[in-house]
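To keep things clear, I will list the structure first and then write my remarks on it.
FYI, it's all coordinate maths here, none of it is from the lab. Remember, predicted model here, so these are calculated numbers, not experimental data. Cβ: placed from backbone, ideal geometry, glycine included. Neighbour counts: every protein chain shown.
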Amino acid sequence: MSAVTDTPDPDADHPVLGLDDVVHQRVRLGILTIAHEARRVEFGYLRTQLDLTAGNLSKHLSVLEGAGLIEVEKGYEGRRARTWVTLTPAGTTALAEEINRLKLLIARVETTG
């Protein structure tokens, strides 16, 4: 956007080009957002909040963990096996960058509407 006119800058890359396919996918964006809000979130809570099967959630967590955006910790709470998810510093940065790109897209729509 041009600071003077609030119109899109034709020389700037379109904001959609900066969206991260790993982060932007609906479920993974939800995982990152919930992990950001909670700081540490339990697998079952994520599954319930995002209305996913355990297998589907596991696949998305594997993608995020492979990208270095989350850490997965397995352990026990009493006698029950638990899995916790924590956002890494890279995950926090990736989420913030994704949100900023989405804000740029929204601004483009609002100024041309």
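So how far apart, in nm, are the two label points at Thr53 and Tyr76 if each is 7 Å from Cα heading toward Cβ?
Calculated label separation equals 3.0 nm.
Scan around Arg82 for amide H atoms under 5 Å from its own, H built in the peptide plane at 1.01 Å from N, and keep only partners 5 or more places away or cross-chain.
Answer set, sorted by chain and number: Gly75, Tyr76, Glu77.
Between Glu42 and Lys103, what FRET efficiency comes out of the Förster formula 1/(1 + (r/R0)^6) with R0 = 41 Å and r the beta carbon distance, rounded to 0.05?
Between Lys103 and Glu42 the formula returns 0.85.
Kindly provide the pair-distance distribution of the stretch 50-100 built from C-alpha pairs, with 10 Å bins from 0 and whole-percent values in order of increasing distance.
23, 45, 27, 5, 0
How long are the three semi-axes of the equivalent ellipsoid of the stretch 24-113, in whole Å, if each is the root of 5 times an eigenvalue of the C-alpha gyration tensor, listed from largest down?
So the equivalent ellipsoid measures 29, 13, 11 Å along its semi-axes.
Quote the relative contact order of the chain in percent (integer), defining contacts as alpha-carbon pairs under 8 Å separated by 6+ residues.
32
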